[in-house]
1. Please count how many residues of region 110-153 are more than 27 Å from Y177 (Cβ to Cβ) and surrounded by 16 or more Cβ atoms within 10 Å (Cβ to Cβ).
2. Might you check whether a residue that is in contact with a helix residue (DSSP H, G or I) (Cβ under 6 Å, 6 or more places away or on another chain) and at pLDDT below 75 occurs anywhere in region 261-271?
3. Considering (1) assigned to a helix (DSSP H, G or I); (2) in contact with a helix residue (DSSP H, G or I) (Cβ under 8 Å, 6 or more places away or on another chain); (3) of a type in the set (A, V, I, L, M), say which one L195 fails and leave the rest.
4. Select from region 202-218 the residues that are in a loop (DSSP other than H, G, I, E, B) and surrounded by fewer than 13 Cβ atoms within 10 Å (Cβ to Cβ) and write down the one among them that is modelled with the highest pLDDT.
5. In region 177-221, what residues are in contact with a His (Cβ under 8 Å, 6 or more places away or on another chain) and under 30 Å from A159 (Cβ atoms)?
6. Of everything in region 99-109 that's loosely packed, with under 15 Cβ neighbours inside 10 Å and outside any helix (DSSP H, G or I), which residue is nearest to the chain's Cα centre (by Cα)?
7. Looking at this structure, is S112 in contact with a Lys or Arg (Cβ under 8 Å, 6 or more places away or on another chain), assigned to a helix (DSSP H, G or I) and within 18 Å of L167 (Cβ to Cβ)?
Amino acid sequence: MDEKKKIIVKEIEHWRRSKLLPEHYCDFLLNLYLEEHNQKQSGGWLGISPKAVRDSNWKIWIIVFGLLAIISFVSLNFNSFEFPLQIGVSIVFLIICYVIGAVKREKSPLLSHILFGVASLFLLFIGVYLLKQHDLNTPNTIVAHVVFCSFVWIMSGIACRLIIFQLCGWVGLVFAYGWLLHHQLDTITWGTLQLSWIPLSFLFVWIGWLVHQKLKQAGIVFLLLGCIVWFMPEFYGIMYSEVLGSEVLQLSLMGKIIIGGIMLFALRKKWTEWVA
């Protein structure tokens, strides 16, 4: 959808919320613009139409299947490569996926998201695989690799304005923080867990509120992150049920849900403008 249509759709949504037009008029206008857009975009997959396939040149087919053959060969012989070559091949594959994804972001959003997703998952799993293969898979190195991946996801999400990758990156850092707590705290109780996570939840929400006007996506990411961190003590309790009893865990979770619901209701006029 081009920028003009995006502005029009946002304006129609504003009319609906402000009751400037009857709701059925707004629905009609939205359907009019969205149906026109869908008709223009239909008839293809990943930005490739059947006509483009029928009219494609034989050289393109050779390039595509040649690349598939190269990828298959490298995958089948990956274990026999030396460690530096394994790293080099992985970096080349990541660069190709990220670059093509960035280039295709406007013309083929679905293909772009797929490439970014493949590259991000590959970065995580290939690092763990190489660490395990070369007997370097200690807890410290695994967590360090997760932190590295998280920073890459955050930066790629910011660069390409993709909320999901920014959020995944921050969630990865949150889990690394949880792992650090688990190994640093001498005694883990319900109180220490709440004190370790709840202030962080409020901090993320506060940061989101500070930046949401100038950096809308970052504001949404920090709001969602604050909501996730709000329930992290209970998630920890589920993973390590021997630390918190089931009754305490259930009461804590129900209490958090009720308190969170009350806060969301009381502040609904603020956070709905925040994410709109």
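The values are calculated or read from the model by the stated rules, or taken from the named source; none is laboratory data. Everything numeric here is computed off the predicted structure, so don't read it as measured data. Glycine also receives a Cβ, built like all others from the backbone with ideal geometry; neighbour counts cover every protein chain displayed.
1. Residues flagged as more than 27 Å from Y177 (Cβ to Cβ) and surrounded by 16 or more Cβ atoms within 10 Å (Cβ to Cβ) within region 110-153 amount to 4.
2. Keep residues of region 261-271 that are in contact with a helix residue (DSSP H, G or I) (Cβ under 6 Å, 6 or more places away or on another chain), which gives none.
The answer is no; no qualifying residue exists.
3. Tallying (1) assigned to a helix (DSSP H, G or I); (2) in contact with a helix residue (DSSP H, G or I) (Cβ under 8 Å, 6 or more places away or on another chain); (3) of a type in the set (A, V, I, L, M), L195 fails exactly one: (2).
4. Taking region 202-218 first, the residues in a loop (DSSP other than H, G, I, E, B) are 212-215.
Narrowing the set further to residues that are surrounded by fewer than 13 Cβ atoms within 10 Å (Cβ to Cβ) leaves 213-214.
Numbers: Q213: 77, K214: 80.
Of everything passing the filter in region 202-218, K214 is modelled with the highest pLDDT.
5. Pass one, region 177-221, residues in contact with a His (Cβ under 8 Å, 6 or more places away or on another chain): 188, 218-220.
Across region 177-221, the qualifying residues are A218, G219, I220.
6. Step by step, filter region 99-109, then rank; the result is E106.
7. Judged against the criteria, S112 is a match.
A quick yes/no check of all residues on (1) aromatic (F, W, Y); (2) in a helix (DSSP H, G or I); (3) at pLDDT 70 or above; (4) assigned by TED's automatic domain parsing to the domain that holds L124:
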position	(1), (2), (3), (4)
V9	no, yes, yes, no
C26	no, yes, yes, no
G43	no, no, no, no
I63	no, yes, yes, no
A69	no, yes, yes, no
I87	no, yes, yes, yes
